[in-house]
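Written below as structure tokens is the structure these notes are about.
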Amino acid sequence: MSSAVVRMSWGRRNSALKTIRGSIRMYAASSDRIRDILLDLCRRRRFILGDGLSAASVIEGGHSLGPLGSEMKKNIIKEWWNMVVLSREQVLPIDTALHTAPEPGSPALTLFRIRPDHRDNDSVVSDERQLGILRHDLLHGALSHYAACLELVSGKLPFGIAEVGKCFHTVPVLRDDGAPLTRPGERTAASLCWFSSAKMSSQWRDYWLRHRLLWWRRFAQVPSGFSSGDHQDADGAKTFVINYDFPWGREAVETLRTMDDSALTQVHAGTGAKLHGRDGRRSLVPHVVWLNSDLDRGLLAYLSDALHVTENLSPRGKEHVRTVLRIHPSLAPIKVAVDLGKGPAVDLRLVGQELSSELRKSGISVWPGYLDTVQTPMEQVFTKYDEMGVLFTVLVSDVTLESGLLHLRNRDTTIKETVHVSKLREFLTQYMSAAN
């Protein structure tokens with residue numbers, strides 16, 4: 001199948017969406033209702049795990065990710081890495097320790113350790129030794145390793161240091177008796193420290209702010225949901241923020257700050273490290289532009305952006321509410337679901353298994369619906385895959401056994417097309433390329 005045909009298919013998808021929107025109106029729901037639908041969907045489809053799911057608990061990092069949420073976050077990290085590291089010159093990756101040594105005179109940090117005897121019901125105990133401090137962000141690691149990375153780039157400015165990793169913070173909670181406590185919260189951060197001369201620092205800040213906002217909008221169904229602004233922090237410095245408008249309010253998904261040369265001189269005070277880089281003929285200690293992305297909030301932002309709740313206004317007067325996650329193809333955790341239509345179950349499963357294996361070898365994620373032995377109406381199957389954000393549903397049937405033809409259903413348009421089994425992988429690969 002030619003690339004022109006695939007581009008036409010992507011264009012047909014957009015055209016069909018406009019047609020569908022002419023006969024379907026958005027579900028008239030309040031922001032609270034949309035919030036509840038989003039959180040319920042994340043729980044039912046296992047994007048997010050844990051009891052007591054709420055907007056606050058998710059934002060504070062109080063939950064684990066399920067299979068779909070974990071895979072989708074990996075896709076977000078991959079796209080961040082492609083934009084910040086792989087497509088740039090002079091951006092070096094690092095991977096630093098989760099903890100740092102405690103500063104002199106700092107209070108002991110309450111850590112948790114697990115006793116070797118797992119049979120003990122009271123196996124988790126506090127340990128108030130001064131072992132270290134769990135990192136709050138990734139800034140210190142980049143500043144600490146600046147001198148070593150400067151040597152790798154032969155002392156030439158500008159250059160950047162990038163890292164993706166877990167960061168920790170405290171979350172206030174109440175015990176059953178009302179006493180205040182704190183628990184650890186965690187998030188996945190993506191950080192870029194860009195080192196340049198003081199003269200060019202503000203220009204680089206504006207450059208990165210513009211490109212980062214475009215990056216967030218690139219994968220959004222409603223790009224205007226992401227916006228930028230600025231505010232004064234506690235020290236009076238201006239911080240630039242990229243926000244997303246959630247149903248419950250505006251939340252920051254990324255911050256950008258500029259720091260002068262003291263950011264490096266303070267970290268390396270007394271070490272004798274060579275901090276001067278070359279910018280043309282000048283030798284200087286650089287200023288820093290720091291980009292700090294919260295990818296867990298970013299995941300939730302893209303799930304919120306992808307949520308579409310509509311009701312069908314059919315002439316028969318029967319209302320049907322449809323919930324679908326129109327996740328961007330690059331971020332969708334599952335690209336294709338392979339399921340069974342009518343025909344001999346054993347033979348169809350063998351075809352489904354072989355087809356899934358071929359797609360996975362090409363890097364296309366597949367949901368093996370053909371393994372489900374419970375007979376389910378196809379409309380319920382489509383509803384399930386729509387809520388999982390699956391791009392396409394492939395139906396293997398007795399027609400496939402006879403002629404090699406498959407039914408291919410598009411998530412966004414619900415249009416069913418016929419594709420030969422030998423052309424499916426090429427079609428999906430080119431579709432993904434055209435969508436990007």
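No lab work stands behind these numbers, since they all come straight from the coordinates. The shown structure was predicted, so the numbers you read here are calculated from the model rather than taken from an experiment. Here the Cβ is made from the backbone with ideal geometry for all residues, glycine too, and neighbour counts use every protein chain on show.
Here are some notes:
- Amide N of the stretch 385-400 lying under 20 Å from the label point, which is placed 7 angstrom from the Cα of Lys423 along Cα→Cβ: 392-400
- Mean separation of Cα contacts under 8 Å (6+ apart) over length of the stretch 289-377, as relative contact order %: 21
- 3J(HN,Hα) along the stretch 353-369: 5, 5, 5, 4, 4, 5, 5, 5, 4, 8, x, 9, 6, 10, 9, x, x Hz, from the Karplus curve 6.51 cos²θ - 1.76 cosθ + 1.60 with θ = phi - 60°, whole Hz, x for Gly and Pro.
- Under 5 Å from the amide H of Ile415 lie the amide H atoms of Asn410, each residue being 5 or more positions distant or on a separate chain, with H modelled from the backbone and absent for Pro and chain starts.
- Distances between placed amide hydrogens fall under 5 Å for Arg45 paired with no residue 5 or more residues away or on another chain.
- Each of Ser31 and Asn82 was given a label point 7 Å from its Cα along the Cα-to-Cβ line. The distance between the two points is 3.3 nm.
- Phi-based couplings in Hz for the stretch 281-286 (Karplus 6.51, -1.76, 1.60; Gly and Pro marked x): 9, 8, 10, 7, 8, x
- Remark on Leu406: its backbone amide H falls under 5 Å from those of Val419, His420, Val421, a criterion applied only to residues 5 or more positions apart or on other chains, H modelled at 1.01 Å from N.
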